[in-house]
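The values are calculated or read from the model by the stated rules, or taken from the named source; none is laboratory data. What you are looking at is a predicted structure, and each value in this text was computed from that prediction instead of being measured. Heads up, the Cβs are rebuilt from the backbone with ideal geometry, glycines too, and the neighbour counts pull from every protein chain shown. Heads up: the accessible areas ignore ligands, DNA and RNA and are worked out on the full protein's heavy atoms, side chains in. Shrake-Rupley method; radii C 1.70, N 1.55, O 1.52, S 1.80 Å.
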Amino acid sequence: MSRPGRISAEFQRRLLTHVARNVSSVPDSYPLILGIHGPSGEGKTFQCEAICRQYGIEIFAISVGELESSDAGEPIRFLQRTYERASRAYSSPVIPAAVLVIHDIDAAIGDWGEKVAYTEHRQLLSGEFMRLADDPYHIDGKECNRVPIIFTGNDFTRLYEPLRRTGRMAFFEWRPSHEDKKCIVKDIFRFDSPLESSVLVDTFPDEPVAFFAHLGVILDDDFVYQQIQSVGFDVVASNFKQNRMTVPDMSHKLEDVIALGISILKGSRVISYLK
């Protein structure tokens, strides 16, 4: 199976190996959790989802907000229900594997000192993740399939130290190299020559992957707005809704993309990734 240009070979190797080892007959000492950490905006979430889609791995995602509740026991019950759903999905003959993914886990259960109190439900969640890592075959006394878990985050030193213990959690630091970024950016833009992607990354060597992805979104948004002005909002919205319209596979001009990037860095547009 071919690997899309935007996927890092090392990222793919680590994720697929972790999932495969967990859905096979693994020793109890093999970690259930893979923690992928590194700077924000470098494509951790995107690559996790793209790799799973490519290989037919069913993702059961939990957001940070779903691990917050005034009822300290509710986040644990939600985690258990989601793990059970993933376990049942894995039993399907058409799904090669299922995985539980929690993005920004350090924001959900990390200890941030005075900024965010280490509350009771954060302690309980850390305990439940440890329990799952120690016995992934039972939920609330019922037998289930082992479901590999993937964490993404920026600073895993904020997590409860026993949760990070060898045998419970493995780690992969994702800091894309300059060449990794060129590979990823090549598939974001529709340039006439792949060399133009290299020129673009060389022009903005210190910017994260999210910066280039945002440039692509702006260019596609500009096209959609041109269509709205041309044929009207109702027509464009209806065409999108009925899958009769997509953003065209038209070439981007390198000079236009560079000019847009410079304008953003000068602060002429407010973008969320800079926050």
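About its Cα centre, segment 53-169 has a charge dipole of approximately 420 debye under the convention of +1 per Lys or Arg Cβ and -1 per Asp or Glu Cβ, with nothing else charged.
Counting only Cβ charges, +1 for Lys and Arg and -1 for Asp and Glu, the dipole size of the chain around its Cα centre is about 540 debye.
Taking Cα centroids, how far is segment 41-104 from segment 131-171 in Å? If we compute the Cα centre of each part, the gap is 13 Å.
DSSP assigns beta bridges within the chain; of those with both partners inside it, close to 10 percent run antiparallel. Checked against a 23 Å cut-off, the cross-linked pairs LYS44/LYS182; LYS44/LYS253; LYS44/LYS241; LYS182/LYS253 give Cα-Cα distances beyond that limit for LYS44/LYS253; LYS44/LYS241. Near the amide H of ARG190, within less than 5 Å, lie the amide hydrogens of HIS252, all on another chain or at least 5 residues away, with H placed in the peptide plane.
Surface calculation, 1.4 Å probe, protein heavy atoms: PHE240 sits at approximately 70 Å² accessible. Here the accessible area of the chain is 51 percent carbon and sulfur, with a 1.4 angstrom probe and all protein chains present. Figure note: MET130, MET169 ranked by solvent-accessible area, largest first, 1.4 Å probe, ligands and nucleic acids not counted: MET130, MET169. For the chain, list the DSSP H helices whose alpha carbon atoms reach 20 Å or more along the long axis and whose average Kyte-Doolittle value is -1.0 or above? Helices meeting the criterion: 9-23, 120-134, 209-231. Under the shape rule built on the C-alpha gyration tensor, where the axes satisfy a ≥ b ≥ c, segment 31-101 is oblate, since a/c reaches at least 1.5 while a/b does not exceed b/c.
Rolling a 1.4 Å probe over the heavy atoms of the protein chains gives segment 91-186 an accessible area of 47 Å² per residue. Rolled with a 1.4 Å probe across the full set of protein chains, the surface gives THR203 an accessible area near 60 Å².
By the helix-only formula, in which each DSSP H run with n ≥ 4 contributes -39500 (n - 2.57) and the sum is divided by residues, the chain has a 222 nm mean residue ellipticity of -14500 deg cm²/dmol. Heavy-atom accessible area, probed at 1.4 angstrom with all protein chains present, ranks TYR137, TYR83, TYR225 as TYR225, TYR137, TYR83, highest first. Under 5 Å from the amide H of ASP111 lie the amide H atoms of LEU159, each residue being 5 or more positions distant or on a separate chain, with H modelled from the backbone and absent for Pro and chain starts.
For semi-axes √(5λ) of the Cα gyration tensor in Å, which listed value, (1) 37, 21, 20; (2) 32, 21, 17; (3) 49, 22, 17, comes from the coordinates shown? Step by step, semi-axes √(5λ) of the Cα gyration tensor in Å for this structure corresponds to label (1).
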